[in-house]
1. Given region 1-95, what helices (runs of 4 or more DSSP H) lie entirely inside it while holding 3 or more residues that are under 20 Å from the mean Cα position of the chain (by Cα) and at negative phi?
2. Does residue 150 qualify as being more than 30 Å from residue 43 (Cβ to Cβ) and either buried (at least 24 other Cβ atoms within 10 Å of the Cβ) or modelled with pLDDT of 90 or more (or both)?
3. Just give me the residues in region 174-223 being touching a residue at least 24 places away in the same chain (Cβ under 8 Å) and over 21 Å from the mean Cα position of the chain (by Cα), in sequence order.
4. What number goes with the only condition from (1) modelled with pLDDT of 90 or more; (2) surrounded by 17 or more Cβ atoms within 10 Å (Cβ to Cβ) that residue 106 does not pass?
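The values are calculated or read from the model by the stated rules, or taken from the named source; none is laboratory data. Here the structure is a predicted model, which is why all the values come from computation and not from measurement. Cβ placement follows ideal geometry from the backbone for every residue including glycine, while neighbour counts extend to all protein chains displayed.
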């Protein structure tokens with residue numbers, strides 16, 4: 001029994017490390033792509049701030065990363081942009097904030113396909129299996145790909161919520177009156193708290209869970 005407990009704890013540690021690794025990759029890629037998108041449209045600020053990089057330390061935000069680890073929803077360090085440099089402010093702002101969402105969806109769907117066709121039936125060892133390098137490697141590979149699928153899709157969906165620092169707030173601002181923007185800005189803290197509470201207590205999974213599972217094919221174990 002003790003041996004089985006140790007094996008279970010070891011594989012649990014592997015899953016946690018795999019989830020943390022998936023978070024680092026997903027957040028780093030989305031924020032780097034966002035910075036690059038804005039920069040390519042004439043904005044010098046992301047480059048000046050050192051955000052066009054694959055260095056995770058430039059993109060991870062402690063609270064957002066913690067929420068991602070705990071409940072699968074969160075955010076990275078917001079990329080500061082200067083829309084004043086865009087040739088077409090409305091169009092280029094939309095491109096800047098939609099691009100990372102589309103990248104997350106592509107990564108999530110791609111990881112989901114890999115999960116189905118590459119790792120299918122090979123990644124989750126039985127808790128009764130003896131610990132082996134091959135078993136740990138298989139568990140890590142499977143769980144990393146599963147978390148990549150789930151976390152990327154969750155990041156895409158969560159960032160569509162029109163609450164700062166999510167991209168949805170910047171996208172919505174393009175389609176509402178300035179007076180409404182001011183009103184929402186005054187409620188940013190409250191709205192963000194509500195969104196985080198909904199994520200932490202599982203209410204967002206009631207809405208997004210079936211979508212994430214349907215798009216990725218990942219087991220609810222990784223949700």
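1. Values: elements: 2-40, 45-48, 62-71.
Hits in region 1-95: 2-40, 62-71.
2. Values: more than 30 Å from residue 43 (Cβ to Cβ): yes; either buried (at least 24 other Cβ atoms within 10 Å of the Cβ) or modelled with pLDDT of 90 or more (or both): yes.
Criteria met by residue 150.
3. 174, the sole residue that qualifies.
4. The one condition residue 106 does not meet is (2).
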